[in-house]
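Q: Quick one: the structure is below, and I'll ask about it shortly.
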Amino acid sequence: MSQVTETPTAPDDRGAANLEKSTYEIIRQRLNDGGSELRTRLAKLDAARRDVFGSIPNQLLATQRITTANNCVARDIVSIGDRFLFGYNVRLGLRSETVPADVFSVWRLVDGQFVEESLAPIEDARFQEDFRQLYKYYKTTTFSRFFRNGPHLFMVFQVGKTAEDIKTFKWTLHGEKLVYLDNRSDHEVRYPPQHEFEWKRTVREQHRSGKFPHVSIEDRVFVETVGGDLTIKIEDNTESGSGIYSEPVEDRDQSLDDAEIHYAIVGNLVLLRIRPYKEKGYRHLIYNSKVQSAVRVDSLADAAVLLPEGHGLIFPNGYYLQTGEFKTFESTVGKLLFERRIASPNGEDHLYAFYDREKADYVLLPYNMIRQQVDVPILCNGWSNFEDGRMLLFRADAEPQKHHAIQIWQTPFVGPDHPTSGDPNSFLYKIGNRDIVRAMSEAYEVLSLVDKDDSYANLYVDLVRKTTDLTDSYFWLDDAEASKVGEAVRRIRDAASSAIEEFDKVVRVRKNTRERFAATETSVRETITAAAARMYRSIDDFVASLAALRKGRGESIALRDLKYVDLAAVDALEKQVAENSERISRRCVEFLLRPDSLQPYEQRVATQRDRIDKVPTVAEADKLGAELDGSASELEM
């Protein structure tokens, strides 16, 4: 919480303002203290959880090499029980026929080393014949990838110019045994929905007419592409064209009807898919109603998948959470499609795999539920995971090679039949790892809100709701073996409840501060403009401008005493006044060097001296005295 100063209003308001300031900041401090305590207790609970259930890290174990019989370009890898199939493409030269051994090899990882085995798992007579016919009738055939769908494994081959021109061989997996089915199941190699929500197109009833017309997205946010730019506004104000986000469009003369606007609402997020008039591609943006900000995310065009427990969205090059956390990763990979997700048995870790069909590139994004973040993306050309959580992946060389580096990773993505550890008599064991992970994830959401600035919409209401849901959903949070996390959660809830009423007062003070600053800024800028436009023919012109600028600077400095004022804006305004005062002062000095520069004052003083002996009344004397004081003050300045 930033330090603020008092409002220089009426003296009788100063005590109330100080009390209000102290009350609100004390509550904020209680919230921060509660957050620190909750973070400490969650760390203890997590350590106890790992002691009971064990912890499998996501880490690189080793890099080993596979050596193939021929120079080849590696394409993909897939596990079959404890073994794995390695697929590649070989340039055969003068050989007239391609056989499965030219495309596939079988390997096993033994004591950290790769050992080649026979092709027995795929030595099916029907497969051998279908394979031979494929390479015979499609001269451009190349192995593309492995594709898994439930218990079925597909060997996918590209037979045309594009990645959509494919032929496949379908197998059924039974442990370490493969059973060949057919070569007529190309239609089964398909991707899941690339957007786990429905795009809605805006209609005319959502249009709002006015000087600056826009389209209402269910009254949450307002969008338009007229006037030369795409603008996103948070107020239904057609008298102004400004908003929180703006970027230029290609056709400046388009009307409101010309743009094609689609949207989807996911919790606090409004997803926008916009194609301005005459433009070929769509622009994709995410607006968050809580933080009232918008960002452009072009990769939403390819895929956008919902994160678990309503956390937010994940897309090929990053993620966006409901709380406003947003991160993208630099990537040279092209058009990526969502392929599949894998979850660890305890629900803590999730792996999202995206695939580029043209370049045969994978991007793997591991998302942690508790930390609510994606670790460093993994880029590879082939990967596969095993029952014990080991994962193999590789980056293929562009040129054919005999030696291929394969990375061996240990991950938490073990199979459903992998044995688990834990003490059955432990209190945490009886609760279950998955429930503990879910509770900790929700507790970290609370911490995320505690760390938010109070500009976050309905911050304290959300804190009360989430902390109440947390304590109501998990009865065991008050247990000593759970580090009494519930106590810290309730402390945050109590502080947030108190903050709701106090924050209403703060909102009123901030509104008053904004209005005072706006009025002063307008007045000062008008003074600066008038001073710049004035014709300086006499010393009186200089005195008038310098006096007005001095007054404006005083008013600017006084703004510092307002509570919650933007001090940087005040500094900028004061600096602008000072610079203009300095510029006019230099011109005034140059003018004063002229012999007749003070002539108006000489005449005025002479006139006032002549009037002294003729003053008829005390009132007239007072008036004359005031004029003399004014002249003296101007000369002094």
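The values are calculated or read from the model by the stated rules, or taken from the named source; none is laboratory data. Treat the numbers as computed from the prediction; the structure is a model and nothing was measured. Note that each Cβ is placed from the backbone with ideal geometry, even for glycine, and that neighbours are counted across all protein chains shown. To get the accessible areas, we keep the full protein, side chains included, count just its heavy atoms, and leave off ligands, DNA and RNA. Shrake-Rupley method; radii C 1.70, N 1.55, O 1.52, S 1.80 Å.
Q: Among the residues of the stretch 176-193, what is the count of those that are closer than 30 Å to residue 271 by Cα and either of a type in the set (Lys, Arg) or buried (at least 16 other Cβ atoms within 10 Å of the Cβ) (or both)?
A: Total meeting the criteria: 2.
Q: Taking residue 46 as the residue in question, decide whether it is over 18 Å from residue 389 (Cα atoms) and without any contact (Cβ under 8 Å) to a residue 24 or more places away in the chain.
A: So residue 46 fails the test.
Q: So which residues in the stretch 217-236 are open to solvent by less than 40 Å² (accessible area, probe 1.4 Å) and under 23 Å from the mean Cα position of the chain (by Cα)?
A: 217, 221, 222, 223, 224, 230, 231, 232, 233
Q: Could you check residue 359 against (1) buried (at least 18 other Cβ atoms within 10 Å of the Cβ); (2) over 25 Å from residue 287 (Cα atoms) and say which number it fails?
A: Result: residue 359 passes all but (1).
Q: Starting from residues that are within 19 Å of residue 106 (Cα to Cα) and exposed (fewer than 12 other Cβ atoms within 10 Å of the Cβ), keep the ones in the stretch 155-175 and report whichever is modelled with the highest pLDDT.
A: 174
Q: What number of residues in the stretch 150-167 are in contact (Cβ under 8 Å) with a residue 12 or more places away in the chain and among the small types (Gly, Ala, Ser)?
A: Residues that pass the stated criteria total 2.
Q: Just to be sure, is residue 524 β-branched (Val, Ile, Thr), touching an Asp or Glu at 6+ places or on another chain (Cβ under 6 Å) and more than 30 Å from residue 35 (Cβ to Cβ)?
A: no
Q: While we're on this one: Going by what's in this entry, would residue 323 be described as open to solvent by 10 Å² or more (accessible area, probe 1.4 Å), in contact with a Ser or Thr (Cβ under 6 Å, 6 or more places away or on another chain) and either modelled with pLDDT of 95 or more or not hydrophobic (A, V, I, L, M, F, W, C) (or both)?
A: Criteria met by residue 323.
Q: While we're here: Could we say that residue 371 is assigned to a strand (DSSP E or B), open to solvent by 10 Å² or more (accessible area, probe 1.4 Å) and either among the basic types (Lys, Arg) or closer than 30 Å to residue 113 by Cβ (or both) here?
A: Against the criterion (assigned to a strand (DSSP E or B), open to solvent by 10 Å² or more (accessible area, probe 1.4 Å) and either among the basic types (Lys, Arg) or closer than 30 Å to residue 113 by Cβ (or both)), residue 371 does not qualify.
Q: Can we say residue 507 is open to solvent by 30 Å² or more (accessible area, probe 1.4 Å), modelled with pLDDT under 85 and under 36 Å from the mean Cα position of the chain (by Cα)?
A: yes
Q: Quick one: count up the residues across the stretch 405-428 that are modelled with pLDDT of 90 or more and either touching a helix residue (DSSP H, G or I) at 6+ places or on another chain (Cβ under 7 Å) or under 30 Å from residue 463 (Cβ atoms) (or both).
A: Within the stretch 405-428, residues that are modelled with pLDDT of 90 or more and either touching a helix residue (DSSP H, G or I) at 6+ places or on another chain (Cβ under 7 Å) or under 30 Å from residue 463 (Cβ atoms) (or both) number 2.
Q: Please identify the pairs in which a residue from the stretch 185-205 that is under 21 Å from residue 313 (Cβ atoms) has its Cβ atom under 6 Å from the Cβ atom of a residue that is at pLDDT 95 or above and among the aromatic types (Phe, Trp, Tyr), counting only partners at least 6 apart or on another chain.
A: Note: pairs meeting the criteria are 194/338; 200/263.
Q: Just name the residue that is farthest from residue 567 (Cα to Cα) out of those in the stretch 511-542 that are surrounded by 18 or more Cβ atoms within 10 Å (Cβ to Cβ) and hydrophobic (A, V, I, L, M, F, W, C).
A: So, considering only residues that are surrounded by 18 or more Cβ atoms within 10 Å (Cβ to Cβ) and hydrophobic (A, V, I, L, M, F, W, C), the one farthest from residue 567 (Cα to Cα) is 539.
Q: Is it fair to say residue 460 is aromatic (Phe, Trp, Tyr), in a helix (DSSP H, G or I) and surrounded by fewer than 21 Cβ atoms within 10 Å (Cβ to Cβ)?
A: It is false that residue 460 is aromatic (Phe, Trp, Tyr), in a helix (DSSP H, G or I) and surrounded by fewer than 21 Cβ atoms within 10 Å (Cβ to Cβ).
Q: Tally up the residues in the stretch 468-522 that are within 17 Å of residue 444 (Cβ to Cβ) and touching a Phe, Trp or Tyr at 6+ places or on another chain (Cβ under 9 Å), please.
A: So the answer is 4.
Q: If a residue has to be among the charged types (D, E, K, R) and either open to solvent by 30 Å² or more (accessible area, probe 1.4 Å) or at pLDDT 95 or above (or both) to count, how many in the stretch 289-301 make the cut?
A: So the count comes out to 2.
Q: Just to be sure before I move on: is residue 416 in contact (Cβ under 8 Å) with a residue 60 or more places away in the chain, touching a strand residue (DSSP E or B) at 6+ places or on another chain (Cβ under 6 Å) and in a loop (DSSP other than H, G, I, E, B) in the structure I sent?
A: Taking the combined requirement at face value, the residue does not satisfy it.
Q: Let me ask something else about it. Could you grab the pairs with beta carbons closer than 6 Å, sequence gap of 6+ or different chains, first residue in the stretch 500-523 and part of a helix (DSSP H, G or I), second one open to solvent by less than 40 Å² (accessible area, probe 1.4 Å) and of a type in the set (Asp, Glu)?
A: Qualifying pairs under 6 Å: 505/20.
Q: Follow-up question, since we're still on this one. Note down all Cβ pairs under 8 Å where the first residue falls in the stretch 306-322 and is in contact (Cβ under 8 Å) with a residue 60 or more places away in the chain and within 17 Å of residue 193 (Cβ to Cβ), the second is open to solvent by 10 Å² or more (accessible area, probe 1.4 Å) and of a type in the set (Phe, Trp, Tyr), and they're at least six residues apart or on different chains.
A: Going by the 8 Å Cβ cut-off, the qualifying pairs are 306/197; 307/319.
Q: Could you check how many residues of the stretch 283-333 are more than 20 Å from residue 355 (Cβ to Cβ), part of a loop (DSSP other than H, G, I, E, B), small (Gly, Ala, Ser) and over 11 Å from the mean Cα position of the chain (by Cα)?
A: Of the residues in that region, 1 qualify.
Q: Which of the residues belonging to the stretch 447-456 are farther than 13 Å from residue 491 by Cα and surrounded by 14 or more Cβ atoms within 10 Å (Cβ to Cβ)?
A: 448, 449, 452, 454, 456, listed by residue number.
Q: Right, another one. Counting only residues that are in contact with an Asp or Glu (Cβ under 9 Å, 6 or more places away or on another chain) and open to solvent by less than 70 Å² (accessible area, probe 1.4 Å), give me the strands (runs of 3 or more DSSP E) lying completely in the stretch 62-123 with at least 2 of them.
A: Ranges flagged: 83-90, 104-110.
Q: Go through (1) touching a strand residue (DSSP E or B) at 6+ places or on another chain (Cβ under 9 Å); (2) at positive phi for residue 422 and report which single condition fails.
A: Unmet condition: (1).
Q: Read through the list (1) at negative phi; (2) open to solvent by less than 30 Å² (accessible area, probe 1.4 Å), then give the number of the only condition that residue 203 fails.
A: With respect to (1) at negative phi; (2) open to solvent by less than 30 Å² (accessible area, probe 1.4 Å), residue 203 is out only on (2).
Q: How about the stretch 242-258: which of its residues are open to solvent by less than 40 Å² (accessible area, probe 1.4 Å) and either touching an Asp or Glu at 6+ places or on another chain (Cβ under 8 Å) or within 24 Å of residue 306 (Cα to Cα) (or both)?
A: 247, 249, 251, 256
Q: Continuing with the same structure: When only residues in the stretch 124-133 that are of a type in the set (Asp, Glu) and part of a helix (DSSP H, G or I) count, which is least open to solvent (accessible area, probe 1.4 Å)?
A: The residue in question is 130.
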